[in-house]
Amino acid sequence: MANAVTGGFVVTSQEIPYASAKMRLFLALPPPEAWRRDTARLLGETLRAQTILHTFRLVPARNWHLTLLFFGDVTSTQVPLLQQTVQTLPATPRTPLVLDRIAYWPHARVVVLTAERFPAVWRDYHQALIAAFQPLGVVDEKGRPWRPHLTLLRGVRACPALPELPPCRWQRPIRPLLYRSHLGRAGARYEVLG
């Protein structure tokens with residue numbers, strides 16, 4: 001059984017909440033709750049009426065988020081450092097970010113809500129987040145440009161007809177959250193770690 005020595009006490013892995021060897025983590029913003037509720041209802045009603053329901057999976061509304069940084073698999077010993085860093089992060093910019101365009105990304109087989117253009121201050125904010133986590137060696141951005149989006153459907157082989165969705169707006173500054181992804185047969189489940 002794995003042990004960790006902390007403050008002179010020996011603690012077994014069962015007593016450490018993050019004792020698994022690797023965890024899949026990311027930094028994200030939850031969507032506004034009223035938007036989540038209304039959009040989930042609208043999307044659910046539209047998709048239930050379609051006959052091609054078997055060609056995609058609707059992402060549960062509780063899992064909707066805007067990913068800011070993907071850390072990938074990190075060790076349990078890195079989690080406290082990540083949590084501490086999250087506590088020091090600035091809130092999001094005062095300039096609103098609006099996702100208002102539905103897009104089908106065939107290479108990833110997803111349907112997302114995204115933005116054609118977004119304020120440069122959000123790109124700067126994303127770069128500041130990368131800089132904050134770079135010393136921890138956990139940033140897994142692979143030089144890709146950040147494309148703000150919220151994934152609605154996965155496993156899409158044929159894009160269904162979708163209703164016009166209300167824009168998702170982050171209008172006031174909020175702090176990003178650290179999430180853990182639990183992968184299973186029924187899909188992913190996300191847990192907020194801080």
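The values are calculated or read from the model by the stated rules, or taken from the named source; none is laboratory data. Owing to the predicted nature of the structure, the values given are computational and were not obtained by experimental measurement. Quick reminder, even Gly has a Cβ in these numbers, built from the backbone with ideal geometry, and neighbours come from all protein chains shown. When the accessible area is computed, the model is the full protein with side chains, heavy atoms only, and any ligands, DNA or RNA have been set aside. Shrake-Rupley method; radii C 1.70, N 1.55, O 1.52, S 1.80 Å.
When all protein chains stay in place and ligands, DNA and RNA are ignored, the 1.4 Å accessible-area order of His65, His107, largest first, is His107, His65. Scanning the chain for GluC sites (Glu not before Pro) lying in DSSP loops with no more than 13 further Cβ atoms inside 10 Å, the longest uninterrupted stretch between such sites is 1-115.
Counting only protein heavy atoms and using a 1.4 Å probe, the accessible area of Asp100 comes to about 90 Å².
Loop sites by DSSP among the trypsin sites (Lys or Arg not before Pro) of the chain, restricted to those with at most 11 other Cβ atoms within 10 angstrom, leave 1-93 as the longest stretch without any of them.
Between Glu164 and Arg123, the C-beta separation translates, for a Förster distance of 25 Å, into a calculated FRET efficiency of about 0.40. Ellipticity at 222 nm from helices only: DSSP H runs of n ≥ 4 in the chain, each -39500 (n - 2.57), divided by the residue count, give -6500 deg cm²/dmol.
Projected onto the charge dipole of region 126-166 (+1 at Lys/Arg Cβ, -1 at Asp/Glu Cβ, origin at the Cα centre), which of Leu150, Leu136, Pro160 gives the Cα projection farthest towards the positive end? Farthest towards the positive end: Pro160.
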